[in-house]
Amino acid sequence: MKKKLMGLSAVIGSAALLGACGGGDEKEVTVGAKNFTEQFILAKMTEIMLEENDFTVDMVDNMGSTALRQALESGEVEVTWDYTGTGLITYNGEEPIAVKEEAYEAIQEIDGEQGLTWTNISDIDNTYTLMMRQQDGEEMGISTISDLAEHVNENPEEMTFATDAEFGNRDDGLPGVEETYGFEFGSSQVSEMSYGLNYEAINNEEVNVAMGHATDSRIEEYDLFNLEDDQQFFPSYHAAMSMSTEVHEEYPEIEEIMAPLAEELDTETMMGLNYQVDIEDENVDDVARTYLEENGFIE
């Protein structure tokens, strides 16, 4: 957990200045983040942009998904980035929704009744994905899951698949994909392993196809690509801002400040930012600030 603290002299100086100018209350918010790179980057960009607009920001990061949600509900955290699918399925026990806008509208309504407001949905979709090596996809003519299904049905013993146990057995994982697209890997063709090893397995050519998450930086590092989910099976996990309704009403300008960034970010951009941190070992703060400066969000 990190806290940004003002020095005593800065606090006294700010208070004196406000008193002299007849200023109002200082704008303060707490921004939260989960415990993976994408969340660190999104939270840092939020912190920077809000501070550029005269907010004092406290940062609470490196939290598990459930812990962050509880912190948001309790008021320990006031602003965060989360995912529509997580909000619907994990937090509220709702059925998955594949269509971006439908998922967004649903979570807005459901969480709105619980004192939480969702705003600024982006085109970052960190949903499940099926991955192949670029070269294999080109040679086999496979770019979509429908293409994969056709190839598997025509060559039933050829393709092998790497997955973690959860995805391999969930209705919104492999069984659902196979049912929706009308194909099936044989039991001997599916290898279950700890998440993360699936990327190594496909990179090392131990399997032809693997499950993953769409913005994972290893997709770029290993020259993989995400098969297009052309029948829109996988739930929408689009990133959007989630905040307490009280804070949204007190500081409606937060939504306006963050709108240009949310409109610009997409899955490919986020994967590239994750890559800079995870693979090139760059600092989260530097990656976030450089992106904001180069794209004109801050000076």
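Values quoted throughout were computed directly from the atomic coordinates according to the rules given, and no laboratory measurement underlies them. Remember, predicted model here, so these are calculated numbers, not experimental data. No Cβ is skipped: glycine too gets one built from the backbone with ideal geometry, and neighbour counts run over all protein chains shown.
Restricting the GluC sites (Glu not before Pro) of region 59-121 to loop positions (DSSP other than H, G, I, E, B) with no more than 12 neighbouring Cβ atoms within 10 Å leaves 113.
Annotation: average projected area of region 155-253 is 8.9 square nanometres, based on the convex hull of Cα atoms across all directions.
Taking amide H atoms as placed 1.01 Å from N in the peptide plane, the amide H of residue 61 lies under 5 Å from those of 2, 33, each 5 or more residues away in sequence or on another chain.
When the chain is treated as a GNM with alpha-carbon contacts under 10 Å, the residue of 146, 217, 236 showing the greatest mean-square fluctuation is 146.
Between the beta carbons of residue 51 and residue 138, assuming R0 = 41 Å, the FRET efficiency works out to 0.35 to the nearest 0.05.
For residue 289 and residue 65, a Förster radius of 25 Å and the Cβ-Cβ distance give a FRET efficiency of 0.45, rounded to the nearest 0.05.
Our coupling estimate for region 179-194, obtained by passing each phi through the Karplus curve with A = 6.51, B = -1.76, C = 1.60 and θ = phi - 60°, is 5, 5, 9, x, 8, 7, 6, x, 4, 6, 8, 9, 10, 8, 7, 5 Hz, Gly and Pro reported as x. For residue 26 and residue 92, FRET efficiency with R0 = 25 Å and r from the beta-carbon atoms, rounded to 0.05? After rounding, the FRET efficiency stands at 0.15.
Take every Cα pair under 8 Å whose residues are at least 6 apart in sequence, average their separation, divide by the length of region 57-202, and the relative contact order is 16 percent. Note on residue 101 and residue 192: the extension gain reaches 29.5 nm, defined as 0.36 nm multiplied by sequence separation minus the Cα-Cα distance. The lysine pair count for the chain, using Cα distances under 22 Å and pairs eight or more places apart or on different chains, is 12.
With θ taken as phi - 60° and the Karplus curve 6.51 cos²θ - 1.76 cosθ + 1.60 applied, the whole-hertz 3J(HN,Hα) list for region 213-221 is 10, 5, 9, 5, 5, 5, 4, 6, 4 Hz, x standing for glycine and proline. Quick note on the chain: its Rg to Rh ratio, both from C-alpha atoms and Rh being the Kirkwood radius, is 1.04. Along the axis of the charge dipole computed for the chain (Cβ charges of +1 for Lys and Arg, -1 for Asp and Glu, origin at the Cα centre), the listed residues 277, 198, 62 are led at the positive end by 62.
Please tell me the relative contact order of the chain in percent, rounded to the nearest whole number, where contacts are Cα pairs under 8 Å and at least six residues apart. It rounds to 26 percent for the chain. Sequence-ordered 3J(HN,Hα) estimates for region 238-248 from the Karplus curve with 6.51, -1.76 and 1.60 and θ = phi - 60° stand at 6, 6, 8, 7, 10, 8, 5, 4, 4, 5, 4 Hz, glycine and proline given as x.
Take the Cα of residue 113, step 7 Å toward its Cβ, do the same at residue 35, and the gap between the two points is 3.2 nm. Within region 140-190, the GluC sites (Glu not before Pro) that combine a DSSP coil assignment with at most 11 other C-beta atoms in a 10 angstrom radius are 157, 158.
In a DSSP loop and with at most 13 other Cβ atoms within 10 Å, the GluC sites (Glu not before Pro) in region 189-275 are 205.
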